[in-house]
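Below is one structure, written out as structure tokens, with a few remarks after it.
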Amino acid sequence: WADDLYMGISFLSRMGELTGDAKYLDDAAVQVINFNKYLFDEQMKLMHHFWYSDLNIYGAALWGRANGWALLAQVDLLDHLPKDHPKRNILIELLQGHILGIAQYQSGEGLWHQLLDKVDSYLETSCSAMFTYAIARAVNKGYIEQRFASIAIRGWEGIMTRIRPDGQIEGVCAGTGTSDDLVHYYKRPTPL
């Protein structure tokens, strides 16, 4: 699952920083590279939600939030990785490719769809927030060029339209397990 990349990388990067033991950061770098190897679709420039190792095929969906977790993981790792780490350049290239991929699916409202490549799926707020943060962070840290800041700015403008006067956020997909049925992703509820 692409979502799992964040859960593992956030732990490994902080463990490496806390202990000073490079093995944790090395493992985190390998994890990012392998997740990209198995989940990143070079044609679509997005990550599939999951991979079937027994069938050697992608899962059904290019799910927004899975891509969001993956981008957050990549930025988080780069934030903790020493500048002289031997995998740093390839990790930056993977991040840049993924950001360029999601950028082409941003809607005119500044948000992204629940299913990134399906404009008939609803605009989803949590993946939009993850993308916006990851892009802004990558620009601010110099992982991508400043000219990409406009993507994050448009994302932020879109997110602001989803915050109600009472502070509640609309359009956030309920928790989602994997499914072979694309309609499952289309019909995931949003609590508000």
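Summary of computed values
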| quantity | calculated |
| --- | --- |
| Any hit, the stretch 37-60, residues being open to solvent by less than 60 Å² (accessible area, probe 1.4 Å), among the small types (Gly, Ala, Ser) and more than 21 Å from residue 92 (Cα to Cα) | yes |
| Options 119, 139, 172, 183; residue that is touching a Phe, Trp or Tyr at 6+ places or on another chain (Cβ under 7 Å) and of a type in the set (Val, Ile, Thr) | 139 |
| Count of residues meeting criterion [open to solvent by 60 Å² or more (accessible area, probe 1.4 Å), in contact with a helix residue (DSSP H, G or I) (Cβ under 8 Å, 6 or more places away or on another chain) and more than 12 Å from residue 80 (Cα to Cα)] in the stretch 8-20 | 0 |
| Pick from the stretch 162-183, criterion in contact with a Lys or Arg (Cβ under 8 Å, 6 or more places away or on another chain) and part of a loop (DSSP other than H, G, I, E, B), ranking: most open to solvent (accessible area, probe 1.4 Å) | 170 |
| Pair list, Cβ under 9 Å, 6 or more apart: the stretch 87-103 residue charged (D, E, K, R), other residue buried (at least 19 other Cβ atoms within 10 Å of the Cβ) and not in a helix (DSSP H, G or I) | 87/81; 88/81 |
| Options 119, 139: the member that is out of contact with any Leu (no Cβ under 9 Å at 6 or more places or on another chain) and open to solvent by less than 20 Å² (accessible area, probe 1.4 Å) | 139 |
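The values are calculated or read from the model by the stated rules, or taken from the named source; none is laboratory data. Given the structure is predicted, the values throughout are model-derived calculations rather than measurements. Glycine gets a Cβ as well: all are built from the backbone with ideal geometry, and neighbour counts include every protein chain shown. Protein only, heavy atoms only, side chains kept; ligands, DNA and RNA dropped before computing areas. Shrake-Rupley method; radii C 1.70, N 1.55, O 1.52, S 1.80 Å.
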